[in-house]
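The values are calculated or read from the model by the stated rules, or taken from the named source; none is laboratory data. Keep in mind it's a predicted model, so treat the numbers as computed, not measured. Methodologically, a virtual Cβ is constructed for each residue, glycine included, from the backbone with ideal geometry; neighbour enumeration extends over all protein chains shown.
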């Protein structure tokens, strides 16, 4: 149930974005640039990062939508569940595991990040651009998770593939305007 009285009880983030386009448009532009723009990571990998951080934060709304979106981009079903349960045994590409470990520390205990965490990412073959992008995706989804939880945004799991379909086909554009009827 949304905590914003002006929104319907079953409000989604799209309702929030439409109610505050002056702050939502720049935020969605950042989403589009980070998750769809040029990056050493594929779109699927960046959506996987978004879902992973959201899962670490127990943000069911963001985790559900971004898991479905990652799967729409080719991440195998169940991979995120496995990664959150035990990253070391999960069928995540070995090269991506240090990035997810980095995001885990950044999300749960950011003051404990060390140069060693960054070196593990570099040792896996990623460069500074990749580290920057991973940190930015992690930071963005920590913010989004707090926004969703702070505004009381929830959704029936049936909403996740609907939202994921939009994100898969259109990215983050157009979310501040009502859908065409």
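Couple of notes before you dig in:
Rundown of residues vs (1) surrounded by 17 or more Cβ atoms within 10 Å (Cβ to Cβ); (2) farther than 27 Å from residue 74 by Cβ, yes/no style:
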site: 128; (1), (2): no, no
site: 134; (1), (2): yes, no
site: 145; (1), (2): yes, no
site: 150; (1), (2): no, yes
site: 167; (1), (2): yes, no
site: 174; (1), (2): no, no
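- Of all residues in region 56-75, none are in a helix (DSSP H, G or I), touching a helix residue (DSSP H, G or I) at 6+ places or on another chain (Cβ under 8 Å) and farther than 22 Å from residue 156 by Cα.
- Count of residues meeting criterion [part of a helix (DSSP H, G or I), under 19 Å from residue 43 (Cβ atoms) and in contact (Cβ under 8 Å) with a residue 24 or more places away in the chain] in region 98-144: 16
- Checked against the criteria, residue 82 counts as modelled with pLDDT of 95 or more and farther than 14 Å from residue 137 by Cα.
- Residue match in region 70-80 (condition: surrounded by 13 or more Cβ atoms within 10 Å (Cβ to Cβ) and more than 17 Å from the chain's Cα centre (by Cα)): no
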